[in-house]
Amino acid sequence: GKAAFFASTLIQDAVIRQYEVIGEIAKRLSASNLLAQSDVDWKTLINFRDFLAHNYDRVDLEIVWRAIEKLPELRAAVEVLLNNLPPDENMSEVNSDERND
């Protein structure tokens, strides 16, 4: 919960890293795929990623917590998006060489 998040830099760092990954993946998706899930503000999510990655000394943990509270909606939208991606754009298919790096 919220108390655990604010008490643990390990949890904070893990959450921030995952938002960086989510935003980076969103950057790599085509605009048409992102528009298909228009209930997510992808631009804000990508900008959030950029801020977290490049301004780590100025991160407001209250803002990160508010993002955490929106994760269920984001997860649902991402699942729909992934289920509708053509096979060549499905990022869940990583070849074995990439997994071993």
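A few remarks follow.
- Some residue of segment 9-27 being surrounded by 12 or more Cβ atoms within 10 Å (Cβ to Cβ), polar (S, T, N, Q) and in contact with a Leu (Cβ under 9 Å, 6 or more places away or on another chain): yes
- Yes/no for ALA53 being among the aliphatic types (A, V, I, L, M), surrounded by fewer than 16 Cβ atoms within 10 Å (Cβ to Cβ) and under 13 Å from the mean Cα position of the chain (by Cα): yes
A quick yes/no check of all residues on (1) in contact with a helix residue (DSSP H, G or I) (Cβ under 8 Å, 6 or more places away or on another chain); (2) outside any helix (DSSP H, G or I); (3) closer than 19 Å to ALA31 by Cβ:
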site: THR44; (1), (2), (3): no, no, yes
site: ARG49; (1), (2), (3): yes, no, yes
site: ALA53; (1), (2), (3): yes, no, no
site: ASP57; (1), (2), (3): no, no, no
site: PRO72; (1), (2), (3): no, no, no
site: ARG75; (1), (2), (3): no, no, no
site: GLU79; (1), (2), (3): no, no, no
site: LEU82; (1), (2), (3): no, no, yes
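- Here the condition is being loosely packed, with under 11 Cβ neighbours inside 10 Å and either at pLDDT 85 or above or within 22 Å of LYS2 (Cα to Cα) (or both); of ARG99, ARG58, it holds for ARG58 alone.
The values are calculated or read from the model by the stated rules, or taken from the named source; none is laboratory data. Computed from a prediction, not measured in an experiment: that's the story for all the values here. No Cβ is skipped: glycine too gets one built from the backbone with ideal geometry, and neighbour counts run over all protein chains shown.
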